[in-house]
Amino acid sequence: MAATPYTTGLNRIAEGCYAWFEPPGSWGLANSGVVVAGDEVLIVDTQNDMPRARKLRDAVREVAGPREIRTVVNTHADGDHWFGNVFFEDARILSSAEAAAQMRELKRDPRKIRQSAENAAGPAMRDFLNWRADMFDYTGWRPVFPTDTFSAKESITVGGIQVELIPVGPAHTSGDVIVHVPERGVVFAGDIVFHRTTPMVWTGPLSNVVAACEMILSLEPTVVVSGHGSAAGRSGIRDLCDYLNLVHEHAAKRFAAGDTPLEALQTIDLGQFRLWAHNSRVYQAINAVYHELDPAREPVPYAEIMETVVAHDSY
Ligand SMILES: [Zn+2]
């Protein structure tokens, strides 16, 4: 099968299946998935802000005609995957129970980004949040939370086609879910898969992300829609596992040697993976490994991790 072009908007990836890409897949620029079957439509992840969600909805209406957008799945609680729910309020909105609980906390209310920038702990984070405030438009936004949640694997049908919702968290976040459409050979992986771009691992353990990737490979999909980046085949997912294993190995060694996470960052050799965009995100992953190895250890505060990560990122 020819590679799916990585272009903004809806791209057909299989019969009745589409990926909505947001190149270059940087911070907050997430992909969505669409399944059109029988007389209905399923959407996986609803984009980050008002203009993007509106564009997604309008493009779906164009390919789906009069079919109803009956179901939405949010793969996890990061805003770039559910803030657009406001455009799909008439649908049943599904997520894991953990993800829904995190959304309801609304820790990072997008209406307050500019304010958060003013209160940022460091200059790099201030610039980063101001960039985000310029990038995304939340005029008229309000939170629309999932209407239904689940904690174990859930099978639904969309226009007569079976769709599996498979919880795999904690991994990227505490409530990650992947969406498998067996009859079409498609997996919508959410942020379990960053394709040829450095993954963010908010929660970990990293081994759970690797396990989720291996599970995706075992489903033998023809195409995997990543959360950020282009559509992935098997080799792209194996590369991601190699990256995570490399980071884990290095961080565990430096942990055992008594180094701080910052020292582990300074000594890591990412090899070929240094060329992936946002390579400073490795600091978050290193911290996740330290937490995994000693949960009682005082963690580096989130604001400090992010200050280091974005200080070395050109977004
Ligand atoms: Zn994301």
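When the range 68-82 is limited to residues that are within 11 Å of the ligand (Cβ to nearest atom) and among the hydrophobic types (A, V, I, L, M, F, W, C), the one that is surrounded by the fewest Cβ atoms within 10 Å (Cβ to Cβ) turns out to be ALA77. If we keep just the residues of the range 83-102 that are under 17 Å from GLY169 (Cα atoms) and open to solvent by 30 Å² or more (accessible area, probe 1.4 Å), which is farthest from the ligand (Cβ to nearest atom)? Going through the qualifying residues, I end up with ALA97. Return the residues of the range 151-168 that are of a type outside the set (Val, Ile, Thr) and surrounded by fewer than 17 Cβ atoms within 10 Å (Cβ to Cβ); say none if nothing qualifies. Selection gives SER151, ALA152, LYS153, SER155, GLY160, GLN162, GLU164.
Quick check on VAL282: is it among the β-branched types (Val, Ile, Thr), in contact (Cβ under 8 Å) with a residue 40 or more places away in the chain and in contact with a Gly (Cβ under 9 Å, 6 or more places away or on another chain)? Against the criterion (among the β-branched types (Val, Ile, Thr), in contact (Cβ under 8 Å) with a residue 40 or more places away in the chain and in contact with a Gly (Cβ under 9 Å, 6 or more places away or on another chain)), VAL282 does not qualify. Taking the criterion of being open to solvent by 10 Å² or more (accessible area, probe 1.4 Å) and among the β-branched types (Val, Ile, Thr), the residues of the range 198-222 that qualify are THR203, VAL210, THR222.
The condition of being part of a helix (DSSP H, G or I), more than 21 Å from TRP131 (Cβ to Cβ) and open to solvent by 20 Å² or more (accessible area, probe 1.4 Å) holds for only one of ARG12, ARG57, that being ARG57. Every condition in (1) open to solvent by 30 Å² or more (accessible area, probe 1.4 Å); (2) within 24 Å of SER174 (Cβ to Cβ); (3) part of a helix (DSSP H, G or I) is met by ARG126 except one, and the failing one is (2). Collect the residues in the range 294-315 that are part of a helix (DSSP H, G or I) and either exposed (fewer than 14 other Cβ atoms within 10 Å of the Cβ) or among the basic types (Lys, Arg) (or both), keeping them in residue-number order. Once the filter is applied, which keeps residues that are part of a helix (DSSP H, G or I) and either exposed (fewer than 14 other Cβ atoms within 10 Å of the Cβ) or among the basic types (Lys, Arg) (or both), the range 294-315 yields TYR302, ALA303. The residue that is most open to solvent (accessible area, probe 1.4 Å), among those in the range 28-51 that are out of contact with any Phe, Trp or Tyr (no Cβ under 8 Å at 6 or more places or on another chain) and farther than 16 Å from GLY190 by Cβ, is ASP39. Of all the residues in the range 261-272, those that are open to solvent by 60 Å² or more (accessible area, probe 1.4 Å) and not in a helix (DSSP H, G or I) number 1.
Is it true that some residue in the range 273-285 is over 24 Å from PRO123 (Cα atoms), open to solvent by less than 20 Å² (accessible area, probe 1.4 Å) and of a type outside the set (D, E, K, R)? Yes, the range 273-285 contains at least one residue that is over 24 Å from PRO123 (Cα atoms), open to solvent by less than 20 Å² (accessible area, probe 1.4 Å) and of a type outside the set (D, E, K, R).
Among strands (runs of 3 or more DSSP E) entirely within the range 159-223, having at least 2 residues that are in contact with a Gly (Cβ under 6 Å, 6 or more places away or on another chain) and under 20 Å from SER32 (Cα atoms) singles out no element at all. Against the definition (aliphatic (A, V, I, L, M), open to solvent by 30 Å² or more (accessible area, probe 1.4 Å) and away from the ligand (no atom under 16 Å from the Cβ)), how does LEU106 come out, yes or no? For LEU106, the condition - aliphatic (A, V, I, L, M), open to solvent by 30 Å² or more (accessible area, probe 1.4 Å) and away from the ligand (no atom under 16 Å from the Cβ) - is met.
The values are calculated or read from the model by the stated rules, or taken from the named source; none is laboratory data. The structure presented is a predicted model; accordingly, all values stated were derived computationally and were not measured. In this analysis, Cβ positions are derived from the backbone assuming ideal geometry, glycine residues included, and neighbour counts consider all displayed protein chains. The protein model used for the area step is the full one, side chains on, heavy atoms only, and it has no ligands, DNA or RNA in it. Shrake-Rupley method; radii C 1.70, N 1.55, O 1.52, S 1.80 Å.
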